[in-house]
Amino acid sequence: MNNEIYMEFDAISTNEAFARVAVAAFITPLNPTLEEIADVKTAVSEAVTNAIIHGYEEAEGKIVLHCILRDDLLHIEIQDMGKGIENVEKAMEPLYTTKPELDRSGMGFSFMEAFMDDLQVQSKPGEGTIVTMKKKMSGVPIALYEE
């Protein structure tokens with residue numbers, strides 16, 4: 001089964017929950033385990049929150065969420081057109097944060113890496129960031145979308 005969604009939404013904190021639920025609903029035809037749903041929702045939450053807090057520094061902006069299901073492989077791309085990341089390698093280190101005054105733990109990328117099978121981060125200062133995550137789903141697909 002192949003399926004794809006593409007959406008753009010405002011970079012505001014209330015849309016973080018929307019993004020999580022949208023991706024969880026999107027993977028439902030794969031009959032995911034509760035653990036898989038929680039993992040995907042957490043990874044999406046972290047990526048969207050990073051875009052809002054770090055990419056746009058809570059200023060106005062848009063976030064693009066693009067998901068593709070190819071058989072049992074989930075591919076998620078979350079993009080912002082914010083300020084970008086100066087040093088991606090440093091930003092991906094556990095406990096590193098540029099916003100300690102906001103009680104940020106610096107674990108966002110670590111959580112994404114832990115819960116997904118693959119994580120790639122591309123960023124250019126002044127242009128934005130693209131977070132790409134992949135996860136092989138173990139559930140047996142249910143026939144919701146018969147062709």
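The values are calculated or read from the model by the stated rules, or taken from the named source; none is laboratory data. From a predicted model like this one, the values you see are computed outputs, not experimental measurements. So basically every Cβ, Gly included, is an ideal-geometry build from the backbone, and we count neighbours across all protein chains shown. Please note that ligands, DNA and RNA were not included when accessible areas were found on the heavy atoms of the full protein model with its side chains. Shrake-Rupley method; radii C 1.70, N 1.55, O 1.52, S 1.80 Å.
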- Task: Considering only region 14-43, state which residues are under 25 Å from Met81 (Cα atoms) and in contact (Cβ under 8 Å) with a residue 40 or more places away in the chain.
- Result: Asn15, Ala19, Ala22, Val23, Phe26, Val40, Thr42, Ala43
- Being closer than 21 Å to Pro125 by Cβ and under 13 Å from the mean Cα position of the chain (by Cα), is that true of even one residue in region 66-75? no
- Item | For Glu57: the one exception among (1) farther than 16 Å from Gly108 by Cα; (2) more than 12 Å from the chain's Cα centre (by Cα) | (1)
- Query: Between residues in region 107-131 that are under 15 Å from Ile53 (Cβ atoms) and residues that are in a loop (DSSP other than H, G, I, E, B) and open to solvent by 60 Å² or more (accessible area, probe 1.4 Å), which pairs lie under 6 Å by C-beta distance while being six or more apart or on different chains?
  - Reply: Gly128/Met81
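Every residue, every condition in (1) touching a Lys or Arg at 6+ places or on another chain (Cβ under 9 Å); (2) on the phi > 0 side of the Ramachandran plot; (3) of a type in the set (Val, Ile, Thr); (4) modelled with pLDDT of 95 or more, yes or no:
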| residue | (1), (2), (3), (4) |
| --- | --- |
| Val21 | yes, no, yes, yes |
| Ala59 | no, no, no, no |
| Leu65 | no, no, no, yes |
| Leu73 | yes, no, no, no |
| Met81 | yes, no, no, yes |
| Gly84 | yes, yes, no, no |
| Thr98 | yes, no, yes, no |
- Note on the structure: Sole miss for Phe26 among (1) under 25 Å from Glu127 (Cα atoms); (2) in contact with a Cys (Cβ under 6 Å, 6 or more places away or on another chain) is condition (1)
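Select from region 47-57 the residues that are assigned to a loop (DSSP other than H, G, I, E, B) and modelled with pLDDT under 90 and list them in ascending order.
Glu57
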- Task: Quick one: in region 117-136, of everything that is among the polar types (S, T, N, Q) and within 14 Å of the chain's Cα centre (by Cα), which residue is nearest to Asp39 (Cα to Cα)?
- Result: Thr132
- Message: Out of everything in region 13-24 that is open to solvent by 80 Å² or more (accessible area, probe 1.4 Å) and of a type in the set (A, V, I, L, M, F, W, C), what residue ends up being farthest from Gln79 (Cα to Cα)?
- Response: Val21
- Any residue in region 56-74 that is farther than 17 Å from Glu113 by Cα, in contact (Cβ under 8 Å) with a residue 24 or more places away in the chain, open to solvent by less than 20 Å² (accessible area, probe 1.4 Å) and among the β-branched types (Val, Ile, Thr)? yes
